[in-house]
Amino acid sequence: MTSLSILDLSPVPSGGTVADALRNTVDLARRAEEFGYRRYWLAEHHFAPGVAGAAPAVLIALVAAATTAIRV
């Protein structure tokens, strides 16, 4: 069996906000966990327009608190 992972940059949706991006990241992590994904990776990007992932430690804590089994 292949282990699946997701790499999330937490993109801000067109016309959306950083809060929308964070909600989408948590929703995606929960879905990934439901579908049996093993790992959820969060990338760090500073000064990149449209990306809410400038502080991976904060995103890691957010995703880890919202999931139970997936490795973050």
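The values are calculated or read from the model by the stated rules, or taken from the named source; none is laboratory data. Since we're looking at a predicted model, the values are computed, not measured. Backbone-built Cβ (ideal geometry, glycine too); neighbour counts: all protein chains shown. Ligands, DNA and RNA are stripped out before the accessible areas are found, and what is left, the full protein with its side chains, is counted by its heavy atoms. Shrake-Rupley method; radii C 1.70, N 1.55, O 1.52, S 1.80 Å.
Between exposed chymotrypsin sites (Phe, Trp or Tyr not before Pro) in the chain, where DSSP calls loop and at most 16 other Cβ atoms lie within 10 Å, what's the longest gap? That gives 1-34 as the longest site-free run. Looking at the chain, the accessible area is 67 square angstrom per residue; that uses a 1.4 Å probe and ignores ligands, DNA and RNA. Annotation: the chain has a Kirkwood hydrodynamic radius of 12.2 angstrom, from the mean reciprocal C-alpha pair distance. Hey, how many Å between the Cα centroid of region 16-35 and the Cα centroid of region 43-72? The distance from the Cα centre of region 16-35 to that of region 43-72 comes to 10 Å. For helix 18-34, what angle does its Cα long axis make with the longest principal axis of the chain, in degrees from 0 to 90 and rounded to 10? Helix 18-34 and the main axis of the chain meet at about 10 degrees. Seen against the Cα atoms of the chain and their longest principal axis, helix 56-66 is set at about 50 degrees.
Sorted by accessible area with a 1.4 angstrom probe, largest first, how do Leu42, Leu4, Leu22 fall? Walk me through the intermediate numbers first.
Details: Leu42 30, Leu4 85, Leu22 55 Å².
Highest to lowest solvent-accessible surface, that is Leu4, Leu22, Leu42.
Rounded to the nearest 500 deg cm²/dmol, what is the calculated helix-only ellipticity per residue at 222 nm for the chain, with -39500 (n - 2.57) per DSSP H run of length n ≥ 4?
On the way: 2 runs with 28 residues, N = 72.
Mean residue ellipticity at 222 nm (helix-derived): -12500 deg cm²/dmol.
Net charge of the neighbourhood of Pro13, taken over other residues with C-beta under 14 Å away and scored Lys/Arg +1, Asp/Glu -1, is -2.
In the chain, what percent of the accessible surface is made up of carbon and sulfur (1.4 Å probe, ligands and nucleic acids excluded)?
Details: 2870 of 4820 Å².
About 60 percent, which is the carbon plus sulfur part of the accessible surface.
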